[in-house]
Amino acid sequence: AEVPAAMDFGSVTIAPLSQYKSRLPAGWTRRIYDGRGTGTQWSVRASATPLTAVSGPAVGDVIPASLMIADGLGGYTPIPTGASGVKVYEGTTAGAPGTAAAYTSITWPTNVGPTIFIGPGRGVVGNRYQSVITWTLYDAP
C-alpha cells in the first residue's frame with residue numbers, strides 16, 4: 001500500500017463548541033496493490049497515536065479521542081490507539097497480478113476520511129499537534 005507521508009489539517013481556532021477539522025488539501029489518495037489476483041477481497045484498517053503537542057507553550061498536551069474517520073454523510077468513527085484499528089475501506093481486486101487492474105486507488109474528498117475532532121476549549125494556543133496514523137492492509141474484508 002502507498003500512502004502520503006503526511007497530511008495537514010491547517011490551523012484551528014480554539015472554540016467553546018466542539019468542532020471537526022478536515023485535512024488539507026481536499027484530494028488525498030492511497031494506492032493498494034493486491035497480487036493475489038482478480039476477485040480477491042481486502043480491507044484497510046487504521047489506528048493512531050494520541051494527538052499530542054510537539055511544540056508550543058504546552059508540549060505534551062494531549063487532545064483525547066480526537067482522530068476520526070468521516071463517512072461523508074455526517075458520521076464519524078474514532079480511530080483507536082489499539083493495534084486492531086478500525087476498518088476504513090474494503091475492496092475487491094479487479095485484475096491479475098502485475099497488471100494495472102491489480103491496483104486500486106482510494107481518493108477521498110475533504111468530507112471523507114481522516115478528520116480531527118476538537119472538544120470545547122481543548123488545545124492550547126500556539127501549540128503544534130501531531131499524531132501518527134498506521135494503515136494496515138488485511139487480505140480479508
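The values are calculated or read from the model by the stated rules, or taken from the named source; none is laboratory data. Only a predicted model underlies this, so the values are computations on that prediction, with no experimental measurement involved. As a convention, Cβ positions derive from the backbone with ideal geometry for all residues, glycine included, and neighbour counts pool all protein chains shown. Side chains included, ligands, DNA and RNA excluded: accessible areas come from the protein's heavy atoms. Shrake-Rupley method; radii C 1.70, N 1.55, O 1.52, S 1.80 Å.
Do we find a residue being open to solvent by less than 30 Å² (accessible area, probe 1.4 Å) and in contact with an Asp or Glu (Cβ under 6 Å, 6 or more places away or on another chain) anywhere in region 53-68?
yes
Which of the residues that make up region 108-141 are over 12 Å from Asp61 (Cβ atoms) and among the charged types (D, E, K, R)?
Asp139
Scan region 1-52 for residues that are of a type in the set (Ser, Thr, Tyr), touching a residue at least 12 places away in the same chain (Cβ under 8 Å), over 18 Å from Ile69 (Cβ atoms) and open to solvent by 80 Å² or more (accessible area, probe 1.4 Å) and jot them down.
Residues satisfying the conditions are Tyr33, Thr38.
Among the residues in region 124-132, are any in contact (Cβ under 8 Å) with a residue 60 or more places away in the chain, under 20 Å from Val12 (Cβ atoms), surrounded by 14 or more Cβ atoms within 10 Å (Cβ to Cβ) and in contact with a Lys or Arg (Cβ under 8 Å, 6 or more places away or on another chain)?
First, pick out the residues of region 124-132 that are in contact (Cβ under 8 Å) with a residue 60 or more places away in the chain: 124-132.
Those still in the list that are under 20 Å from Val12 (Cβ atoms) too: 124-132.
Then drop every residue that is not surrounded by 14 or more Cβ atoms within 10 Å (Cβ to Cβ), which leaves 124, 127, 129, 131.
Restricting the remaining residues to those that are in contact with a Lys or Arg (Cβ under 8 Å, 6 or more places away or on another chain) gives none.
Looking through region 124-132, none of the residues is in contact (Cβ under 8 Å) with a residue 60 or more places away in the chain, under 20 Å from Val12 (Cβ atoms), surrounded by 14 or more Cβ atoms within 10 Å (Cβ to Cβ) and in contact with a Lys or Arg (Cβ under 8 Å, 6 or more places away or on another chain).
Can you say whether Thr77 is touching a Pro at 6+ places or on another chain (Cβ under 8 Å), without any contact (Cβ under 8 Å) to a residue 40 or more places away in the chain and surrounded by 12 or more Cβ atoms within 10 Å (Cβ to Cβ), as far as the supplied structure shows?
When the stated conditions are applied, Thr77 does not pass them.
Would you be able to tell me the number of residues in region 98-123 that are over 18 Å from the mean Cα position of the chain (by Cα) and surrounded by 14 or more Cβ atoms within 10 Å (Cβ to Cβ)?
5
For region 1-105, which strands (runs of 3 or more DSSP E) that fit wholly inside it have 3 or more residues that are over 19 Å from Arg122 (Cβ atoms)? Please lay out each step first, then the result.
Working: elements: 19-22, 28-33, 41-48, 51-55, 67-71, 76-78, 86-92.
Answer list for region 1-105: 28-33, 41-48, 86-92.
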